[in-house]
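Notes for the one structure printed next.
The values are calculated or read from the model by the stated rules, or taken from the named source; none is laboratory data. Model, not experiment: these values are computed from the prediction. Cβ sites come from the backbone with ideal geometry, for glycine too, and all protein chains shown count toward neighbours. Calculation scope for accessible area: heavy atoms of the full protein, side chains included, ligands and nucleic acids excluded. Shrake-Rupley method; radii C 1.70, N 1.55, O 1.52, S 1.80 Å.
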Amino acid sequence: MLIDLHTHSRASDGTQSPGDVMRSAKAAGLDVVGLTDHDSAAGWDEAAAAARDVGVELVPGMEISTKLYGSGVHLLAYLPDPNYPALVDELTKILAGRTGRLAAMIGQLRDAGVDITEEEVLDQVGGSPAIGRPHIADVLVAKGVVGDRTQAFAEWLNWGRPGYVTRYATRTDAMIAIVTAAGGAAVIAHPWGRGSRHVLDKDTFAELRERGLVGIEVDHQDHDDHDRDDLRRIAEELDLVITGASDYHGTGKVDHDLGCNVTSPAEYERLLARAAENAARARRPVAEVVR
Ligand code: AMP
Ligand code: FE
Ligand code: FE
Ligand code: ZN
C-alpha cells in the first residue's frame, strides 16, 4: 500500500491540473494521495472527481504558510473544514499577501535589470489563487533569463536576492490551533528543510504539540538520512505521527517524483484517527477522505 500525503497542482504552484495529479498518482501506483496546495482548497473538487474516476484514495489538505520566530514554517493541514471562519480569514490574508507582493517583486526585479510584467506572471499562474515565486520563476525561464526554477530561486528569488519580498504568514502555533478547531490534523512539513531548521527543535515540537500538532513530515527530500533518524526519534518520543511524502510539483520541482517518500499504513491510520477526534470535538462538518 503506497501512501503519498503531500502534492501540489495548478491550484498552487504545481504544473498539472488537480485531476491530472490524481491520474499521475494512479499511474505511479499510489493507493492514497494527499493534495496539499499552498494556502488553498481550490483544487479539492476537481481532484475528488478524478480520484473517484481512477480509483485512488484522496486526502484533501493544504500546505499553509506560517511563521515561527520570524522564520517560515510550512504547515500541512489534513481534512479541515475549509469553510471554518477563522481558517477562511487567515487564508484570505495569506493569499492577499501573495497577490500584494507581486507588484513589489516585479519592481525590484526591474530595478535589478530584469523586465517582466504582471501579465506574464498571471499567464503562468492560470487560475491558481496562490500566486508564488515559482510562477515568477517560470516567467524567468520562459524569457531565457535562467535555465530552470532552481536557478531562478538561487539567483533572483531567494531571501537576500534582488526579487525577494516578504509576505504575511500566520503564526505557526495559532494556525495549528485553527486547523485543529476546524476539525483537521496539523503536520509540520519538511521541518528541517530550507529556513526552518533552527527554529524547530524538540522543545518547540513539544510546545506545538500542546497546541494540537499531530505529526511531523519526517521522510522528505529536504532531509538526509541523519535528519530523518533524528526527526523520527523526536516524533516517537513525543508520540507524534510520522509521515513521508514526495512534495510533488509536476515538472516544477526536480527529484520530487510521486511516491519517492511514503507514509506507512499504520501511521496513516493514526493520522486519520487524530483527524477524526478533532472533527468530533469541532462538531462541524469537515472534509472527508474520498474513496
Ligand atoms: P512562495 O510561496 O511564493 O514563497 O514560494 C515558495 C515555494 O517555492 C515553495 O513552497 C516551493 O514550492 C517553491 N520553491 C522554493 N525553492 C525552490 C527551488 N529552489 N526550486 C523550485 N521551487 C522552489
Ligand atoms: Fe510549492
Ligand atoms: Fe513546503
Ligand atoms: Zn509542498
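Quick look at the values:
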item	result
Condition check for ALA235: open to solvent by less than 10 Å² (accessible area, probe 1.4 Å), in contact with a Phe, Trp or Tyr (Cβ under 6 Å, 6 or more places away or on another chain), closer than 23 Å to GLU277 by Cβ and more than 16 Å from ligand 2 (Cβ to nearest atom)	no
Condition check for THR99: modelled with pLDDT under 95, part of a helix (DSSP H, G or I) and not charged (D, E, K, R)	yes
Condition broken by VAL21, with the remaining ones in (1) under 19 Å from ALA287 (Cβ atoms); (2) without any contact (Cβ under 8 Å) to a residue 40 or more places away in the chain satisfied	(2)
Among the residues listed as VAL165, VAL179, VAL139, VAL146, the single one being open to solvent by less than 40 Å² (accessible area, probe 1.4 Å), more than 9 Å from ligand 1 (Cβ to nearest atom) and closer than 16 Å to VAL73 by Cβ	VAL179
Test set (1) of a type in the set (Asp, Glu); (2) farther than 15 Å from LEU258 by Cβ; (3) surrounded by fewer than 19 Cβ atoms within 10 Å (Cβ to Cβ); (4) touching an Asp or Glu at 6+ places or on another chain (Cβ under 8 Å) - ASP45 fails condition number	(4)
Residue selected from the range 233-291 under the condition within 16 Å of GLY215 (Cβ to Cβ) and acidic (Asp, Glu), by the criterion nearest to ligand 3 (Cβ to nearest atom)	ASP247
Close pairs (9 angstrom Cβ cut-off, 6 or more residues apart or separate chains): touching a residue at least 40 places away in the same chain (Cβ under 8 Å) in the range 190-206, open to solvent by 30 Å² or more (accessible area, probe 1.4 Å) and away from ligand 1 (no atom under 16 Å from the Cβ) anywhere	HIS198/TYR69; VAL199/TYR69; THR204/TYR69
Cross-chain or 6+ apart pairs with Cβ under 6 Å, the range 1-15 first and touching a residue at least 60 places away in the same chain (Cβ under 8 Å), then near ligand 4 (Cβ under 8 Å from one of its atoms) and assigned to a loop (DSSP other than H, G, I, E, B)	HIS6/ASP247; GLY14/HIS8
Residue list for the range 99-119, filter: farther than 21 Å from HIS38 by Cα and among the acidic types (Asp, Glu)	ASP111, ASP115, GLU119
The range 19-39, residues that are open to solvent by 10 Å² or more (accessible area, probe 1.4 Å) and under 19 Å from PRO80 (Cα atoms)	HIS38
Test set (1) modelled with pLDDT of 95 or more; (2) within 14 Å of ligand 3 (Cβ to nearest atom) - LEU157 fails condition number	(2)
Residues within the range 194-222 that are under 21 Å from PHE153 (Cα atoms) and open to solvent by less than 10 Å² (accessible area, probe 1.4 Å), tallied	2
